[in-house]
């Protein structure tokens, strides 16, 4: 995993982080069921999804669905198999309106910094791209829910 070299150019640091994320690495993935397992994670080439392999199948998390990143081991999923000595290497991506989390541990501090920097930049960019179509979709959804409740 490439080290972020801080020459006072944050944009370049983020570019380097995104290149490293696209190359991918093995992270420990915690799940709601079962024990934590190593999985190969990478960022999609279009920078919209986080991709990993699980039981031979490609899984993904669309980054625009992520509400926030939580550093450390603070989710219910992490609490099942706490590793306090790895807290500083851990983070969670909250999605599905905060109902689900993708909980990961990096191998070292450099890897954790790279993943957090890259993902924070992408998720922040996604949150700043709220458009009228997003609002329109939400209004349509609310109208549909109201109609269903009235039935």
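The values are calculated or read from the model by the stated rules, or taken from the named source; none is laboratory data. Only a predicted model underlies this, so the values are computations on that prediction, with no experimental measurement involved. Positions of Cβ are backbone-derived with ideal geometry, glycine not excepted, and every protein chain shown enters the neighbour counts.
Look at segment 92-106: where a residue is touching a residue at least 40 places away in the same chain (Cβ under 8 Å) and on the phi < 0 side of the Ramachandran plot and a partner is surrounded by 11 or more Cβ atoms within 10 Å (Cβ to Cβ) and part of a loop (DSSP other than H, G, I, E, B), sitting 6+ places away or on another chain with Cβ atoms under 6 Å, you get 103/75. Here segment 67-77 is the region considered, the condition is being part of a strand (DSSP E or B) and under 21 Å from residue 26 (Cβ atoms), and the residue that is farthest from the chain's Cα centre (by Cα) is 71. If you go through segment 19-36 and pick out every residue that is loosely packed, with under 13 Cβ neighbours inside 10 Å, touching a residue at least 12 places away in the same chain (Cβ under 8 Å) and part of a loop (DSSP other than H, G, I, E, B), you end up with 2. Among the residues of segment 101-124, those identified as closer than 17 Å to residue 30 by Cβ and not in a helix (DSSP H, G or I) are 101, 102, 103, 104, 105, 106, 107.
Does segment 78-89 contain any residue that is at pLDDT 95 or above and part of a strand (DSSP E or B)? No - not one qualifying residue is present in segment 78-89. When residue 98 is tested against (1) surrounded by fewer than 16 Cβ atoms within 10 Å (Cβ to Cβ); (2) within 14 Å of the chain's Cα centre (by Cα); (3) under 15 Å from residue 28 (Cβ atoms), only condition (3) is not met.
Residue 61: modelled with pLDDT under 95 and under 19 Å from residue 28 (Cβ atoms), yes or no? Spelling it out, it is not the case that residue 61 is modelled with pLDDT under 95 and under 19 Å from residue 28 (Cβ atoms). Take residue 60 and tell me if it is without any contact (Cβ under 8 Å) to a residue 40 or more places away in the chain and in a loop (DSSP other than H, G, I, E, B). No, not satisfied. Scanning segment 29-52 for residues that are under 14 Å from residue 92 (Cβ atoms) and in contact with a strand residue (DSSP E or B) (Cβ under 6 Å, 6 or more places away or on another chain) turns up 29, 30, 36, 41, 50.
Answer yes or no as to whether residue 4 is modelled with pLDDT of 95 or more and surrounded by 15 or more Cβ atoms within 10 Å (Cβ to Cβ).
Values: modelled with pLDDT of 95 or more: no; surrounded by 15 or more Cβ atoms within 10 Å (Cβ to Cβ): yes.
Considered against the rule, which asks whether it is modelled with pLDDT of 95 or more and surrounded by 15 or more Cβ atoms within 10 Å (Cβ to Cβ), residue 4 comes out as no.
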